[in-house]
Each structure stands twice: as C-alpha cells, then as structure tokens.
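A.B. asks: Here it is, the structure in full.
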Amino acid sequence: MPSDAMSTEYESALDHYTFVLRNFSSVMPMPTEEQALSVLLARDALREIPPETAPGATAYAARLIELDERLKQHGETIAAAANLDAWRSSVQPPAEFWWWHFEPAPTKHAWDRLDWIWNGLTAGALALAASFIVGIYQAFSVGGLSWGETFSTITQGAGLALI
C-alpha cells in the first residue's frame, strides 16, 4: 500500500478515534454501553495500522498519546458502563491492548464514611486505657513493686500495644 494511502487511512482512523472520544466525553458521566464499545473499537482500529509507515508519524504519535491520555481518564467510567469481561471474551483482544483492561472504581460502603468517628473513639479509648495503666502503675509502685505487680503492668502495656 502506498505511504500516501497509509497516511490517509491512519489519519482517518485517528480522526474517527478523536470524534468518538469527544462524543464519549460529552455524555459523561452516564455513557451507554454502545458508546463505550465504540471508543474501544476505534482504538482497536488505530492499532491495526502501523503509524511509523505514515509521513508525519511523529505528529500522529503525539496526537495518539494525547488521545490515549484522555481515554485513560475515562477508564473507570468505561469499566462502570460496560461488562468488559464479557466483551473481552467475545472480542478476544491481545493482552497488549491495555484499553480493554480498565477496572471500575472501587465502591465505598456506606459505613466507611463513618470511619473517622470510629478512629476517634478508638484513639480516645486507647488514651483512657493508657491513663488507667499509668494510674495503676503509680498505685503499685508506692510501696515497691512485687513480681506479680510488675508482670500485670507489663501485660496491660502489651495489651494496649496490641490494640
């Protein structure tokens, strides 16, 4: 194939990828499965045409890198909008086609929003336990410490450290 035709074919595929990605960005945050699939297939089409054979390959590569960065920004949205596992089993893309391997954002459980409260209560309980240990140690040490008293104090400190 002449390099002029290759350049035109690659440029056309790159323009299509740009259009599909722009269209996908405009429907954020709720794209359809069809729109997500069209972005992935447009990226596949670019992979089929080697850019290094086209004149102006550097400009094409720079544009592709920019578009791929935009695609990576939408990766979690694509994974949430589609069942990529099922699509990968149907299309069977090679492993180096990274755009087929997006993962959805981890969902945060409703109770996880209250973690700061539990962390604060835990810190308060540890401070209270430490103050009791100090008070008990001072009470025991007035008349001197026996082996049993020392062992109980060390055990309390170890228990606090484990918590």
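A.B. asks: Looking only at the range 77-97, decide whether some residue is crowded, with 17+ Cβ neighbours inside 10 Å, at negative phi, modelled with pLDDT under 85 and over 20 Å from the mean Cα position of the chain (by Cα).
C.D. replies: There is no residue in the range 77-97 that is crowded, with 17+ Cβ neighbours inside 10 Å, at negative phi, modelled with pLDDT under 85 and over 20 Å from the mean Cα position of the chain (by Cα).
A.B. asks: Does the range 106-115 contain at least one residue that is of a type in the set (Lys, Arg) and either more than 30 Å from Ala36 (Cα to Cα) or at pLDDT 85 or above (or both)?
C.D. replies: Scanning the range 106-115 turns up at least one residue that is of a type in the set (Lys, Arg) and either more than 30 Å from Ala36 (Cα to Cα) or at pLDDT 85 or above (or both).
A.B. asks: Kindly evaluate Glu76 against the criterion of being out of contact with any Pro (no Cβ under 7 Å at 6 or more places or on another chain), acidic (Asp, Glu) and either under 30 Å from Leu162 (Cβ atoms) or free of Cβ contacts under 8 Å to residues at least 60 places away in the same chain (or both).
C.D. replies: In short, no.
A.B. asks: Ok, one more. Here is a check on your reading of the model: is Ile154 part of a helix (DSSP H, G or I) and either closer than 20 Å to Ala36 by Cα or touching a strand residue (DSSP E or B) at 6+ places or on another chain (Cβ under 7 Å) (or both)?
C.D. replies: Spelling it out, it is not the case that Ile154 is part of a helix (DSSP H, G or I) and either closer than 20 Å to Ala36 by Cα or touching a strand residue (DSSP E or B) at 6+ places or on another chain (Cβ under 7 Å) (or both).
A.B. asks: Considering only the range 134-151, state which residues are among the small types (Gly, Ala, Ser), exposed (fewer than 10 other Cβ atoms within 10 Å of the Cβ) and in a helix (DSSP H, G or I).
C.D. replies: Scanning the range 134-151 gives a single hit, Gly148.
A.B. asks: Taking the options Leu67, Leu46, Leu71, Leu40, name whichever one is in contact (Cβ under 8 Å) with a residue 60 or more places away in the chain, closer than 27 Å to Glu9 by Cα and not polar (S, T, N, Q).
C.D. replies: The unique qualifying residue is Leu40.
The values are calculated or read from the model by the stated rules, or taken from the named source; none is laboratory data. Predicted model only: the values in this text are computed from it and were never measured. Counting neighbours? That spans all protein chains shown, and the Cβs are built from the backbone with ideal geometry, glycine included.
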